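The values are calculated or read from the model by the stated rules, or taken from the named source; none is laboratory data. Just so you know, these numbers come straight off a predicted model, no measurement behind them. A quick note on method: Cβ atoms are made from the backbone with ideal geometry, for glycine too, and the neighbour counts reach across all protein chains shown. Keep in mind that these areas ignore ligands, DNA and RNA; they rest on the heavy atoms of the full protein, side chains included. Shrake-Rupley method; radii C 1.70, N 1.55, O 1.52, S 1.80 Å.
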Amino acid sequence: MKEDFLQIDVTKGYPEFQLEVQLTVAEGEFFSLVGPSGCGKTTLLRLISGLTRPDQGRIILNDRDLTALTVWERKIGFVFQDYALFPHLTVGGNIEYGLKIQRLPGSQRQERIKKMLALFELEELVDRRVQELSGGERQRVALARALAPEPFLLLLDEPFAALDYGLRRRLRRELKELQTKLGFTAIFVTHQQEEALSLSDRLAVMAAGRILQVGTAAEVYSNPVHPFVATFLGDANLIPCTVQSGPEGLTVHPQGGKSLLLPSAPGRVCGSYLLMLRPEDLFLTTDAPVFTGEIRTAEYIGYGFSAEVEVGGGLILKLLTGKENPLLPGERVGLAFRPQAAKVIPDGAHHLAN
Ligand code: ATP
């Protein structure tokens, strides 16, 4: 497996937006790009595909410099949210389209189409017009059409966004299985944190034209390096704190709570930071709590309770507990956490302006 299969180092400026990205994707990787609307995900895919030209920089795919190549010369497949199938062509005609552009001889074309129809269970629909298909069927045709020319790389821009939740879950599972089976490299853009966390080998969190963090889902969820990353991938308590490093580790003084000693975090010396705790990492305790406060809201959510606790200085902490700990508003509680669950991260909110 080639670790530097895709190497991106580009800038692109629009009057009100500036993108600057360095990123490496490994061969066979399922890589997701996540971030809020307008952060530059589609722009980055367009730069990779060749639909948009960078102002500066290069894109290298499998040792080939793509920068000067046209869209078709790049051998990259793409699937977009709105399918972009040719309405006047049949299912078979749509799948054949890219193969004709590749000038693949007729017999090989037919073989490839047959393979795709079987792979996506579209055999029965080969002669149907695309208007006569359901949303899920259309999206399978779009995937078959993109994969038929056997691209080096498949780009997927929110491909399932227009579909209902159940179908979306089924198709994304199918896509992941297919990617594992065929071994193609995929870059998948999604708004949905859950989708990115469950599908990706690695993911990048983008904001304001920059990549803030790259890693496996578990790394980025558990060890965010930026407050935006922490809150974008799930609920997070970000508690202002000051830290001092010593031989034993980091002494953390959180706002509204008691000081505590954490295992050392590289690069954190002393100063103002944020203590990041996921709601599921906090637990109720009467024995040496770090925070004490009053439950403001408590909701039953099936597998347990979701609550907000007001601790010292008016700080509100989110808490998730199991069913065995029914919570009631007005109750006073003590909260603690395992030191390994807590992360000390720089307060980077001001770095996000574009
Ligand atoms: P979404 O999740 O909503 O699709 P995105 O992260 O994919 O958003 P982009 O579509 O890449 O975001 O857009 C990033 C920014 O670049 C936006 O502010 C957009 O208005 C701007 N932009 C994109 N294309 C152009 C263009 N051709 N001319 C000017 N500005 C553009």
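The residues of the range 188-233 that are at pLDDT below 95, part of a loop (DSSP other than H, G, I, E, B), open to solvent by less than 60 Å² (accessible area, probe 1.4 Å) and not hydrophobic (A, V, I, L, M, F, W, C), listed by number, are Ser200, Pro224, His226. Under 7 Å by Cβ, and 6 or more places apart or on different chains, what pairs join a residue from the range 319-341 that is open to solvent by less than 100 Å² (accessible area, probe 1.4 Å) with one that is among the basic types (Lys, Arg)? That search, which allows pairs on different chains as well, returns Pro329/Arg296. It is to be established whether one or more residues within the range 161-175 are open to solvent by less than 10 Å² (accessible area, probe 1.4 Å), among the aliphatic types (A, V, I, L, M) and assigned to a helix (DSSP H, G or I). So far as the range 161-175 goes, yes, one or more of its residues are open to solvent by less than 10 Å² (accessible area, probe 1.4 Å), among the aliphatic types (A, V, I, L, M) and assigned to a helix (DSSP H, G or I).
The set of residues from the range 126-160 being open to solvent by less than 20 Å² (accessible area, probe 1.4 Å) and farther than 29 Å from Leu61 by Cβ comprises Val130, Leu133, Gly136.
Could you list all residues from the range 144-160 that are part of a helix (DSSP H, G or I) and under 18 Å from Thr42 (Cα atoms)?
Ala146
Looking at this structure, is Leu99 of a type outside the set (Phe, Trp, Tyr), over 27 Å from Val229 (Cβ atoms) and not in a helix (DSSP H, G or I)? For Leu99, the condition - of a type outside the set (Phe, Trp, Tyr), over 27 Å from Val229 (Cβ atoms) and not in a helix (DSSP H, G or I) - is not met. Yes or no: the range 195-209 includes at least one residue that is among the acidic types (Asp, Glu), more than 22 Å from Leu19 (Cα to Cα) and within 16 Å of the ligand (Cβ to nearest atom). Yes, because at least one residue in the range 195-209 is among the acidic types (Asp, Glu), more than 22 Å from Leu19 (Cα to Cα) and within 16 Å of the ligand (Cβ to nearest atom).
Residue count for the range 267-282 satisfying the condition of being at pLDDT 95 or above and over 28 Å from the mean Cα position of the chain (by Cα): 0. Which one is nearest to the ligand (Cβ to nearest atom) among residues in the range 57-76 that are open to solvent by 30 Å² or more (accessible area, probe 1.4 Å) and touching a residue at least 40 places away in the same chain (Cβ under 8 Å)? Looking at the filtered set, the residue picked out is Gly57.
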